[in-house]
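Since the structure comes first, as structure tokens, the remarks are kept for the end.
The values are calculated or read from the model by the stated rules, or taken from the named source; none is laboratory data. Computed from a predicted structure; not experimentally measured. Positions of Cβ are backbone-derived with ideal geometry, glycine not excepted, and every protein chain shown enters the neighbour counts. Just the protein is used for accessible areas: all its heavy atoms, side chains included, with ligands, DNA and RNA removed. Shrake-Rupley method; radii C 1.70, N 1.55, O 1.52, S 1.80 Å.
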Amino acid sequence: MAVLPHCFSPALREERKKEKMQWPWRRRKVVVVVVVLRKLLTCAICVIALMGLLSVRVHVFPSSKVSDLTDPYKLPTVTQQHELNYQKLSAEKKWTQELTPPHLSKEQAPPHLSKAPLSSHKLNGANGSLDFEKLWKQPSNRDFVPCVQPGSNYTAPDESRGYLLVHTNGGLNQMRAGICDMVAVARIINATLVVPELDKRSFWQDTSNFSDVFDEDHFINALANDVNVIKKLPKDLSSATKVVMHFRSWSGLEYYRDEIASLWEEFQVIRAAKSDSRLANNHLPPDIQKLRCRACYEALRFSPKIEAMGKLLVDRMRAYGPFIALHLRYEKDMLAFSGCTHGLSDVEAEELRTIRENTAYWKIKDINATEQRSRGYCPLTPTEVGIFLTGLGYPSNTPIYIAAGEIYGGDTHMADLRSRYPILMSKEKLASVEELEPFTNHASQMAALDYIVSVESDVFIPSYSGNMARAVEGHRRFLGHRKTISPDRKALVRLFDKIEKGLLMEGRKVSNRISEIHKKLQGSPRRRRGPVSGTKGMDRFRSEEAFYVNPLPDCLCKRVSGNVNASTASMR
């Protein structure tokens, strides 16, 4: 009798039959377990993703808008199509990419731009709760618009009684203000104005002529209905006797009409030895004040090559998105002149003291640096600017254009600011050596490039209220009160000192304090400030807010209808 294999035994078959009957139940249990595990895993993934999203701060930059004003009042700016392209480029830009200017290849980029920026977790603002849109929002212009056309009784220039030669003095913006004042003086004394000579003897030793910096033909033609302007003194008068005058500072109409105009009885040519602050800020006839604005904002246009290069820099800066123009007045001449040495080494402080001692036309030699700083008379250091910007809430990935010459101490003093804000750009970084070559070694022309970018920036912040800062602020007010944040240096120094001594830590408290201090210092419309109460004599004039810092009410009027020039009412 054959023996069946064990696997075919009746007992085994019966056991397997029972197992098959149980399989569906076992399978169902496994499926249920798998489904439950999948749901739990999905929930866990969602929770982790949600926590990740909540921990990331997303900064949205609003599109940059430039006031839509008539052409005479606009500096070069990007076209609407370029704006759209740049906004798209900015939105697509990854901050993990190398910070190479958009027009340069990696091979062309300067060495410091070929390095990867800080990791993304460091590119955050100090206060994530701030509404970042407010950082770029422009102050309301309250419907103030330019109104510089002369009154109905204004006539063409009277017959010239002689020629006014002008030797300007100072840097670019000091010369600009002086030139515009001399246009008004020429009108007051019935003079033919010879195109002014630019200062070639100042600290910067710039050899530029008027036509190198400004559009000479446009200047002459734009003022044709106001003042006779010629390029050179007629040859037959080259040997004529000239009277050289140091016009009295901050002088009014009577001084020029009575004292200066009387010189025509004896001389055909009057030479103004200086041009800065020779005309009063206030209490001049409305037509004279408006003429000063026409000269400054319409006639005194930069030369075509400077305007073209300035527009190029603005375009390239906008490729990074909305940006701050920072006038960082931490340059050798400023520090030497002001006697400010905070944060400098003993060797650097001594170098600045020597420069001040050896500069004859700087009258004050012995300066207490600590007292200067405590009174708010010193420019903010790069480190202090970094604390200030962080306190205002600007995130670390904010593009910043440094509008300045060579920073004293270079990378040594810029390191802290750069660690906070790695996207620090300048004309030297945005343009190639070849593109800047025509302007190099000409301080006035290089300053003009910074001026254009500063006026067109989304936010302008000066570290010191010098001539450049005042000129740019006034121009931005004239163009629609573009956002200009003016640091209260005296109040800030008290905060910085506490931070430096460890008595105060950077954070929400400091940020709130800085924001509160500067809430009303952002360029909104206001009347030009008069003299400080109690001051007398020359100190009274010095304490007044300069005319070109704030042209309201003389050259800005409330819009009351669609016709800006014909239907406006000045704020009184």
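Add +1 for every Lys or Arg and -1 for every Asp or Glu among the other residues with Cβ under 12 Å from the Cβ of I517, and state the total.
Net of charged neighbours comes to +4.
What accessible area per residue comes out for region 273-395, rounded to a whole number of Å², with a 1.4 Å probe?
Averaged over the residues of region 273-395, the accessible area is 36 Å².
With r defined as the distance between the Cβ atoms of S152 and A224 and R0 fixed at 22 Å, what FRET efficiency is calculated, to the nearest 0.05?
It comes to 0.70.
With θ set to phi - 60° and the Karplus curve 6.51 cos²θ - 1.76 cosθ + 1.60, what are the ³J(HN,Hα) couplings of region 203-220 in order, to the nearest whole Hz, using x for Gly and Pro?
Couplings: 3, 7, 6, 8, 8, 4, 9, 3, 6, 6, 9, 10, 7, 4, 5, 5, 4, 5 Hz.
Given a cut-off of 15 Å, what percent of all Cα-Cα pairs of region 274-373 lie beyond it?
77 percent
Highest first, please rank the peptides 445-456, 151-162 by the mean number of other Cβ atoms sitting within 10 Å of their residues.
The densest-packed peptide leads the list: 445-456, 151-162.
State the answer as a single residue: which of G480, A447, F460 lies farthest towards the positive end of the charge dipole of region 428-572, with beta carbon charges of +1 for Lys and Arg and -1 for Asp and Glu, about the Cα centre.
Projecting each Cα onto the dipole axis, the largest value belongs to G480.
Rounded to a whole number, what % of the accessible area of region 194-304 do carbon and sulfur atoms account for, probe 1.4 Å?
46 percent
In nm, to one decimal, how far is the R508 label point from the E254 one, both placed 7 Å along Cα→Cβ?
6.1 nm
What FRET efficiency do you get for R161 and S238 if R0 is 25 Å and r is their Cβ-Cβ distance, rounded to the nearest 0.05?
Using R0 = 25 Å, I get an efficiency of 0.85.
Tally Lys and Arg at +1 and Asp and Glu at -1 over the other residues with C-beta under 11 Å from the C-beta of K274: what net charge comes out?
Computed value for this residue: 0.
Can you give the extra length, in nm with one decimal, that the chain gains between K200 and D497 once fully stretched, where that is 0.36 nm per residue apart less the Cα-Cα distance?
102.9 nm
Take every Cα pair under 8 Å in region 244-359 that's 6+ residues apart, average their separations, divide by the length, and report that relative contact order as a whole percent.
21 percent
When the chain is fully extended, how far beyond the present Cα-Cα distance does T370 get from S211, taking 0.36 nm per residue of separation?
53.0 nm
Could you tell me which of the pairs K137/K483; K200/K311; K490/K520; K134/K519 are separated by over 18 angstrom between their Cα atoms in the structure shown?
In this structure, K200/K311 lie more than 18 Å apart at Cα.
What's the extension gain from S543 to K520 if we count 0.36 nm per residue and subtract their Cα-Cα distance?
Computed gain between S543 and K520 is 6.2 nm.
Given a 1.4 Å probe, how much area per residue of region 430-572 is accessible, in Å²?
46 Å²
When we measure straight from the Cα of K365, which aspartates and glutamates land under 13 angstrom away, once same-chain ones fewer than 8 places off are left out?
Within reach: E350, E357.
May I ask you to order 503-510, 319-326 by the average number of other C-beta atoms within 10 Å around their residues, highest value first?
Listed from highest to lowest mean packing, they are 319-326, 503-510.
Please list 348-360, 189-201, 475-487 highest first by mean number of surrounding beta-carbon atoms within 10 Å per residue.
The peptides rank, most packed first, as 475-487, 189-201, 348-360.
Checking the a/c ratio against 1.5 first, then a/b against b/c, what shape does the Cα gyration tensor give for region 421-545?
Since a/c reaches 1.5 but b/c is at least a/b, the shape of region 421-545 is classed as oblate.
Just the accessible area per residue of region 164-264, please: how many Å² with a 1.4 Å probe?
Per residue, region 164-264 has 42 Å² of solvent-accessible surface.
If R₀ is 45 angstrom, what is the calculated FRET efficiency for the pair S432 and K558, using the beta carbon separation as r and rounding to 0.05?
Result of the calculation: an efficiency of 0.45.
By the gyration tensor of its Cα atoms, with a ≥ b ≥ c the square roots of the eigenvalues, what is the shape of region 141-195: rounded for a/c under 1.5, prolate for a/b over b/c, or oblate?
It is oblate, given that a/c is not under 1.5 and a/b is not larger than b/c.
For region 353-452, which whole-number percentage of the solvent-accessible area (1.4 Å probe, protein heavy atoms only) is attributable to carbon and sulfur atoms?
So the carbon and sulfur contribution to the accessible surface is 52 percent.
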